[in-house]
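In what follows, a structure is listed as structure tokens, so that the remarks can point back to it.
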Amino acid sequence: MAGERDPDDDAWARDAVSRFQGPLSLYARRLLNNDAEAARDVVQDVFLRLCSQRRERVDGHLAEWLFTVCRNRALDVLRKEHRMTRLHDEQVDRCLSPAPGPHDVAERHDLGALVLTLLETLPPNQREVIRLKFQNGFSYQEISRISGHSVSNVGYLIHAGIKTLRGRLFDNRAAGAEA
């Protein structure tokens, strides 16, 4: 009858599976960068393809045929994975929404307000150069020409002011956390 399989072909296929499953799995796993699950899928596909082949086409060079099909399928999987980049959890979190959440916006706003309040506690020369640098985007050279301070003095004033702000900011945040 058409469509029925020869019992000898079934026995031949089962024998091929028992003889080559281990070596093919090892080969596929090495080709697939030690991905055991992908290797199992590839080897399963190899044996499914073997079952759809006529025995006469592969008899006499069965091992070569199996390893060739295995290699080709593994390379197909690698090409597909190369096109599909895997995302790590942190990348997924960033992709969910590029905009900061309401909590982040509120925290940033509060922090900005606190920094501006603390900025007013600095000496006028530090306050001036910090505002010129961070609020107006001027270079040290430009700030030097605007303020009349030397470039090195501008650098010192900015450094000292930021160091003071940082210390006061952390002191202020620590006091807020205790309250």
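Per-residue SASA remark: Phe67, around 60 Å² accessible (1.4 Å probe; ligands, DNA and RNA not included).
Here the spin labels are modelled as points 7 Å beyond Cα on the Cα-Cβ line, and at Glu37 and Lys80 they lie 1.4 nm apart. Extending 7 Å from Cα along the Cβ direction at Thr121 and again at Glu107 yields two label points whose distance is 2.2 nm.
When a 1.4 Å probe is rolled over the protein heavy atoms, the share of accessible surface on the range 35-83 that falls to carbon and sulfur comes to 46 percent.
Arg79 contributes about 130 Å² of solvent-accessible surface, heavy atoms of the protein only, 1.4 Å probe. Summarising the label geometry, the points placed 7 Å from Cα in the beta-carbon direction at Ser52 and Leu114 lie 6.4 nm from one another. The slack in the chain from Ile146 to Phe134, taken as 0.36 nm per residue of separation less the alpha-carbon distance, amounts to 2.9 nm. When each of the peptides 35-48, 104-117 is scored by the mean number of other C-beta atoms lying within 10 Å of its residues, the order from highest to lowest reads 35-48, 104-117. Rounded to 0.05, the FRET efficiency of the Asp10 and Arg71 pair, given R0 = 25 Å and the Cβ-Cβ distance, is 0.45.
The values are calculated or read from the model by the stated rules, or taken from the named source; none is laboratory data. Just so we're clear, the structure is a prediction, and the values are computed from it rather than from any experiment. Quick reminder, even Gly has a Cβ in these numbers, built from the backbone with ideal geometry, and neighbours come from all protein chains shown. When the accessible area is computed, the model is the full protein with side chains, heavy atoms only, and any ligands, DNA or RNA have been set aside. Shrake-Rupley method; radii C 1.70, N 1.55, O 1.52, S 1.80 Å.
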